[in-house]
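Visitor: One structure coming up, written as structure tokens, with questions to follow.
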Amino acid sequence: MTEKTQNAMWGGRFASGPDAIMEAINASIGFDRRLYAQDIQGSRAHAAMLAAQGIISDTDAEAIREGLLTVLSEIEAGKFAFSTALEDIHMNVEARLKELIGEPAGRLHTARSRNDQVATDFRLWVRDQIDAAISGLVALQRALLDQAEAGADWVMPGFTHLQTAQPVTWGHHMMAYVEMFGRDVGRFRDARARMNECPLGAAALAGTSFPIDRRMTAGELGFDRPMANSLDAVSDRDFALEFLAAASICAMHLSRLAEELVIWSSAQFRFVTLSDRFSTGSSIMPQKKNPDAAELIRAKIGRIFGANVALMMVMKGLPLAYSKDMQEDKEQVFDAADNLMLALAAMEGMVRDMTANRENLERAAAAGFSTATDLADWLVRALGLPFREAHHVTGRLVAMAEARGCDLPDLSLEDMRSVHPGITQDVYDVLGVHNSVASRQSYGGTAPDQVRARIAEWRERLE
């Protein structure tokens, strides 16, 4: 960096520029160039406000507006030369604006600091990412709804401890994820509503003596209101932390579904077949079809969790207001947002393309004594046994079936009566997996009618 460039940025405070190491550690243009659209959007709103308030002339404001549009088009066309010597996206845009329009460019920064400028840019960027994440989640929910609707009455094993527990329906299992991702949408929307306040006009930390209209710039940028405290406005990064927190919980849900797809697509389960678009082969084993997209989603989640922790560590010890530490707030957020959007898109594609293997699901649902609870419930309803006694009787019958290498419906009535003489032929009506799921009619249960009702509710909600 030349002394001339350095003085142009920082005025007369420093006699000479920093050496190469300082330039390298100080510059952020390598990553904050991603804020270019938001930076230009904020500058246009600021210039319009300055003119409306009579702080700069309409002529200068128009020159700034046109110049900024030119800078935007240059960046989008890949014709803009970013300079490390100019540190960040703000100075790069302003320097190019000065080349284009001359002296009026210097008036753009009136009543503004890079502190409130970057806080505004970053907030706008995170808000855009939240909107994109919500869109990605809704697309994934729709893919899950399609799967649920197709298999609303298909039976499969439900698991606890990854051991067969009770039969459920494929549709019910898919709808569990619709609910989970619905909560993620809610968290992102809550975070968006809370962050939708505008820092612009807080200046360096104390506000400004110029007669600015902060409500005008807030409205122009789609914010609900200006932030009410200038110190908080430039030092707050809660909006980024809330985004990362919501992204982390969403990522955890994606990882759980990815894990199930890895298990379900294995040769030992064969519950689903993933499409070739989201699978790979082996360089040595020709029979392999690997669920690599699901595995990569499962792994990428760590980067999102890590970004959340990293930004918490940056912010945890900072006094008010702005500190240079906060330059380290963006890279991890950018990386987390990129990986979240990639994971959402990949998961939506996998879910939409996958084929559930109905026969294998039903065969597995009938194994592992999955209707034992139905038997216990029948003993309570039909014979009036206390549930604990019914549980004990059922346990003895399961042990008998296990010893004989058969399932509960394969035991004869005589066998069952040897454990409890009150058992009748009617017991066999509850031992089939289809009967089992059909009986679970409580709200939110796995019965096909309940599943279809929840699907209809979600279809309406997503419209």
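Visitor: What translational diffusion coefficient, in µm²/s and rounded to a whole number, does the Stokes-Einstein relation yield for the stretch 20-107 at 25 °C and a viscosity of 0.890 mPa s, taking the hydrodynamic radius as the Kirkwood radius over Cα pairs?
Guide: Details: Rh = 13.4 Å.
In µm²/s, the coefficient is 183.
Visitor: Keeping all protein chains in position, work out how much accessible area residue 434 exposes to a 1.4 Å probe, and write it in Å² to the nearest 10.
Guide: Estimated to the nearest 10 Å², residue 434 gives 80 Å².
Visitor: Ordering 436, 323 by how much accessible area each has at a 1.4 Å probe, largest first, what is the list? Present the calculation step by step, with values, prior to reporting the outcome.
Guide: On the way: 436 0, 323 25 Å².
Output order, biggest surface exposure first: 323, 436.
Visitor: Please list 300, 79 from largest to smallest accessible area, probe radius 1.4 Å, with all protein chains kept in place. Please list the in-between numbers first.
Guide: Values: 300 50, 79 160 Å².
Ranking 300, 79 by accessible area, largest first, yields 79, 300.
Visitor: Using Cα pairs under 8 angstrom and six or more residues apart, how large is the relative contact order of the chain, in percent?
Guide: On the way: 666 pairs, mean separation 75.3, N = 463.
Relative contact order here is 16 percent.
Visitor: Starting from a Cα-only point model with no solvent, please compute log10 I(q)/I(0) by Debye for the stretch 367-462 at q = 0.22 1/Å.
Guide: -1.07
Visitor: Return the carbon/sulfur percentage of the accessible area of the chain, one whole number, probe 1.4 Å, all protein chains in place. All intermediate terms of the calculation are to be shown ahead of the outcome.
Guide: Details: 11040 of 21420 Å².
So the carbon and sulfur contribution to the accessible surface is 52 percent.
Visitor: I've got another one for you. In debye to the nearest 20, how big a dipole does the stretch 114-363 give about its Cα centre with +1 on each Lys and Arg Cβ and -1 on each Asp and Glu Cβ?
Guide: Working: 27 positive and 33 negative charges, 56 e Å.
Approximately 260 debye in magnitude.
Visitor: Please list, in chain and number order, the residues 5+ apart from residue 198 or on another chain whose amide H is under 5 Å from its amide H, with Hs placed from the backbone.
Guide: 225, 227
Visitor: Below 12 angstrom from the Cβ of residue 378, what's the summed charge of the other residues (Lys, Arg +1; Asp, Glu -1)? Display every interim value, and only then the final one.
Guide: Numbers: positive: 381; negative: 374, 377, 426, 429.
Net charge in that neighbourhood comes out at -3.
Visitor: Something else about it: Treating the beta-carbon of each Lys and Arg as +1 and of each Asp and Glu as -1, no other charges, what is the dipole magnitude of the stretch 20-107 about its Cα centre, to the nearest 20 debye?
Guide: So the dipole magnitude of the stretch 20-107 works out to roughly 140 debye.
Visitor: How much area per residue is accessible in the chain when the probe is 1.4 Å and only protein heavy atoms are counted (Å²)? Intermediate results must be reported in sequence, preceding the final value.
Guide: On the way: 21420 Å² over 463 residues.
Value for the chain: 46 Å² per residue.
Visitor: I need the helices of the chain that pass two filters: whole DSSP H segments spanning 30 Å or more by Cα along the axis, and mean Kyte-Doolittle score no lower than -1.0.
Guide: Details: long enough: 114-150 (54 Å, -0.09); 170-195 (38 Å, -0.61); 238-264 (39 Å, 1.07); 292-315 (35 Å, 0.95); 331-353 (33 Å, 0.34).
Helices meeting the span and hydropathy rule in the chain are 114-150, 170-195, 238-264, 292-315, 331-353.
Visitor: Can you give the helix-only mean residue ellipticity at 222 nm for the chain, where every DSSP H stretch with n ≥ 4 adds -39500 (n - 2.57) and the sum goes over all residues, rounded to the nearest 500 deg cm²/dmol? Before the final figure, lay out each step's value.
Guide: Details: 19 runs with 285 residues, N = 463.
Value at 222 nm, helices only, nearest 500: -20000 deg cm²/dmol.
Visitor: Over the Cα atoms of the stretch 285-425, what is the Rg over Rh ratio if Rh follows Kirkwood?
Guide: Numbers: Rg = 27.6 Å, Rh = 20.9 Å.
Ratio of gyration radius to Kirkwood radius: 1.32.
Visitor: Expected output is a single nm value to one decimal: the length gained when fully extending between residue 213 and residue 353, i.e. 0.36 nm times separation in residues minus the C-alpha distance. What is it? Numbers along the way, then the final one.
Guide: Values: separation 140, 0.36 × 140 = 50.40 nm, distance 5.18 nm.
Gain on extension, residue 213 to residue 353, equals 45.2 nm.
Visitor: Looking at the stretch 114-363, I'd like the Rg to Rh ratio, where Rg is from alpha-carbon atoms and Rh is Kirkwood's inverse mean 1/r.
Guide: 1.10
Visitor: Here's something else I'd like to know. Find the all-direction average of the projected area of the Cα convex hull for the stretch 316-380, expressing the result in square nanometres with one decimal place. Show your work: numbers first, answer last.
Guide: Working: hull surface 42.7 nm².
That works out to 10.7 nm².
Visitor: I would also like to ask the following. Kindly give Rg over Rh for the chain, based on alpha-carbon atoms, with the Kirkwood expression for the hydrodynamic radius.
Guide: Details: Rg = 30.7 Å, Rh = 26.4 Å.
Expressed as Rg/Rh, it is 1.16.
Visitor: I've got another one for you. Could you pull the accessible area for residue 168 with a 1.4 Å probe, rounded to 10 Å²?
Guide: Using a 1.4 Å probe on the heavy atoms, I get roughly 30 Å².
The values are calculated or read from the model by the stated rules, or taken from the named source; none is laboratory data. The structure displayed is predicted, hence computed values, not measured ones. Neighbour counts are summed over all protein chains in view; Cβ atoms, including those assigned to glycine, are modelled from backbone coordinates with ideal geometry. Note: areas computed on protein heavy atoms with side chains; ligands, DNA, RNA excluded. Shrake-Rupley method; radii C 1.70, N 1.55, O 1.52, S 1.80 Å.
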